[in-house]
Amino acid sequence: MPVLIRGDSNMIVMPLSYSPAVIDRSFEVVDEITLAGKRFLVIFDKQTPRAAIVKAEIVEIDGVARHIAVAMLELANQKSIGDNVISVERFWEETDLLQVEGVCVDRRYQEAGLATRLYEALVINCGIILMSDNTQYEGGKALWQKIARESKVLAVFVLDTDCGRFYPYDGIKVIYDGASIPEDKIWSIHPETSHFGVVLIAEDKRKIDKLASS
């Protein structure tokens with residue numbers, strides 16, 4: 001990331017919805033969330049890949065049964081990273097790496113932490129590692145900082161894909177807590193692109209703690 005682009009992304013337009021048949025056919029329900037007494041399903045399509053949080057309650061739209069989406073995540077499979085084509089297996093031998101290409105939350109739910117819950121469900125329940133995009137809008141930057149600062153189950157790291165090393169690039173892998181690494185080491189402001197090869201990585205904190213204690 002990151003190259004920081006000022007303003008908001010218009011990548012995904014909300015709201016969208018899915019039919020129960022599509023969810024049954026293409027998605028796996030990987031978590032459930034209760035918010036203000038209402039149930040929501042976290043759904044994941046590994047093949048596409050894509051993920052979303054939808055209302056568990058089915059409503060009719062133009063006479064068709066639908067689950068309304070309140071948060072969505074566009075993802076891309078990655079087998080290599082960086083211009084130098086570093087194999088993902090160099091860092092993670094048995095774990096899929098998905099790059100986040102877009103995230104959107106219905107404005108009515110943006111203070112509910114749904115994007116963080118979506119990231120956590122994918123990493124913890126699906127055994128996936130998430131990687132940021134190389135360009136980022138203000139909202140994306142704020143989300144990664146929030147996850148790094150507040151998530152109890154995710155560990156966030158800064159990876160320079162150009163050199164294939166984690167910050168501070170001396171063989172040690174330091175957790176980013178939203179403030180522990182200087183901003184100018186992570187972000188460059190568009191049109192300056194010096195940090196284009198830098199990405200943020202979200203991993204299962206339990207596995208990191210286990211490795212640290214072994």
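The values are calculated or read from the model by the stated rules, or taken from the named source; none is laboratory data. Everything quoted here is computed from the prediction, not taken from an experiment. Heavy atoms of the whole protein, side chains included, go into the accessibility calculation; ligands, DNA and RNA do not. Shrake-Rupley method; radii C 1.70, N 1.55, O 1.52, S 1.80 Å.
Cross-link partners among lysines for LYS205, C-alpha distance below 18 Å, same-chain residues fewer than 8 apart left out?
Hits, sequence-local ones excluded: LYS146, LYS152, LYS173.
When the solvent-accessible surface of protein heavy atoms is calculated with a 1.4 angstrom probe, in what order do GLU74, GLU60 fall, highest first?
Values: GLU74 70, GLU60 145 Å².
Listed by decreasing accessible area, they come as GLU60, GLU74.
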